[in-house]
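Everything on this sheet refers to the single structure shown next.
Bear in mind that the values in this text are calculations on the coordinates, not laboratory data. Keep in mind the model is a prediction, meaning the values are calculated, not measured. Cβ placement follows ideal geometry from the backbone for every residue including glycine, while neighbour counts extend to all protein chains displayed.
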Amino acid sequence: MADFKVFTSPSSNMIPIIWSPIRRKILKRAWLLSPFFAVLLFSAGCGYHNPNVYTGPSRTIYLTEWKNRTSELGLDSDIYRSLTRWFQKSGSISTVRKKEGADLILAGEIISLELPSLSYGANSITTEVKVRLRVRYILKEIVSKKILLETPDEIWTEEYLVSKNITTNLDNERKALATIIEDLSKKIYQRTVTQLPKF
């Protein structure tokens, strides 16, 4: 037979409550989930906002190819693709390659790319270097020419280790530069979402 437990109230006019194993299991799960729902209610009450979500009216951004003043071929295309991926995270923001019909324009310039040495090992052999990317960019409304975002000079750095293997070094350098581009694109996207009107 199933294990039933009967609880009665001290008052004689109360109806006995029968607790079955199934009912006890449901109540136990509800108790375990209560902190989760409390966090949700707390977040909603505090006005939590995801910086990666734009819920305002639809906007079209004319995303230009950045002017590349470095000798690193394809760096401008890498930044363009990374920015495009980030803006695709919002269903209300779209990017285009032509100015016609766009609401805003996002333009930028790759000023320099450096690989300065950081530290040295035996026989003055470099063991760690830092990729240093310097950029500037601007976001403005096309019709009103109002500037929503402008960064005249910004430096991004990422370290990576150097080994005796040339192939490994080149791979590490590409990964470090890819990290910079991803972080840069994320920051531009989040700042754009913050500056755009919500209604």
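Summary of values
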quantity: Full-extension gain in nm, Thr64 to Thr168, via 0.36 nm per residue minus C-alpha separation; calculated: 34.2 nm
quantity: In sequence order, calculated HN-Hα J values of segment 92-99 (Karplus, 6.51, -1.76, 1.60; Hz; x Gly/Pro); calculated: 9, 10, 10, 10, 9, 9, 10, 6
quantity: Using θ = phi - 60° and Karplus 6.51 cos²θ - 1.76 cosθ + 1.60, couplings along segment 137-149 (whole Hz; Gly, Pro as x); calculated: 7, 8, 10, 8, 6, 6, 6, 7, 6, 6, 7, 9, 7
quantity: Interchain or long-range residues, amide H under 5 Å from Ile111's placed H; calculated: Arg134, Val135, Arg136
quantity: Cβ-based net charge around Glu141, under 12 Å, with every Lys or Arg adding one and every Asp or Glu removing one; calculated: +3
quantity: Spin-label pair Arg132/Glu159, simplified geometry with 7 Å Cα→Cβ offset, distance in nm; calculated: 1.5
quantity: Least to most buried among Asp171, Asp103 (fewest other Cβ within 10 Å first); calculated: Asp171, Asp103
quantity: Shape call, segment 59-195: gyration tensor on alpha carbons, a/c limit 1.5; calculated: prolate
quantity: Amide H partners (placed H, <5 Å) of Val96, local residues excluded; calculated: Ile61, Tyr62, Leu63
